[in-house]
Amino acid sequence: MYGNNCGHIPEKPRWFTPPEKHANRPGILRCSIQTIRDYYAKPGEILPGLNSVNESNRQQRSERREACIAILGCILHYTDLITLRVGIPQLDGSMAGLTMPFLAAHSGLGVRRAERAIHDLKAAGIITVHPVCKKLENATYKGFGARATSLKNSHPINRI
């Protein structure tokens, strides 16, 4: 068994595949998803900060690269280019954020593997995640899913 029993086969990486019923995404998103796949074969050239997250001179393990690419592909697929938010548009005009189980399932990963990929993406500075909470009347707080933001423009891009 390859890849620490996660089903990873180095010669045949699994990529994020959009659900069949989804309309074609804008060209820039499709191109971005394709470009990040190149990271699998050339981690030192494509996203070098992600490759160096392991704080070693060695390149990131192939199963970890596969997971990071799958999560990024999913995030890009669900990105609204107008608002730069990631989620599923609702009938009332709002955007439903994506949960970690949703990201994991749609990326073809287990939740723990998806969490590790998100950790690497955060450590590389590709995404940032901020906890979201609301103060309740009795001076306690209620936590909500964290919100990830892109590093460059600080727009919300995901709720995980």
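The values are calculated or read from the model by the stated rules, or taken from the named source; none is laboratory data. What you are looking at is a predicted structure, and each value in this text was computed from that prediction instead of being measured. Cβ sites come from the backbone with ideal geometry, for glycine too, and all protein chains shown count toward neighbours.
Can you confirm whether Leu121 is surrounded by 14 or more Cβ atoms within 10 Å (Cβ to Cβ) and at pLDDT 75 or above? When the stated conditions are applied, Leu121 passes them. Of note, Ile46 does not satisfy the criterion of being closer than 21 Å to Leu98 by Cα and surrounded by 14 or more Cβ atoms within 10 Å (Cβ to Cβ). Test Ile9 against the criterion of being surrounded by fewer than 18 Cβ atoms within 10 Å (Cβ to Cβ), touching a Phe, Trp or Tyr at 6+ places or on another chain (Cβ under 8 Å) and more than 19 Å from Glu115 (Cβ to Cβ), and give yes or no. Here the answer is yes, as Ile9 does meet what is asked.
Report yes if some residue within segment 12-24 is closer than 17 Å to Lys122 by Cα, modelled with pLDDT of 80 or more and either crowded, with 20+ Cβ neighbours inside 10 Å or over 16 Å from the mean Cα position of the chain (by Cα) (or both); otherwise report no. No; the residues of segment 12-24 include none that is closer than 17 Å to Lys122 by Cα, modelled with pLDDT of 80 or more and either crowded, with 20+ Cβ neighbours inside 10 Å or over 16 Å from the mean Cα position of the chain (by Cα) (or both). With respect to Ser32, determine if the residue is of a type in the set (Gly, Ala, Ser) and within 14 Å of Cys74 (Cα to Cα). Against the criterion (of a type in the set (Gly, Ala, Ser) and within 14 Å of Cys74 (Cα to Cα)), Ser32 qualifies.
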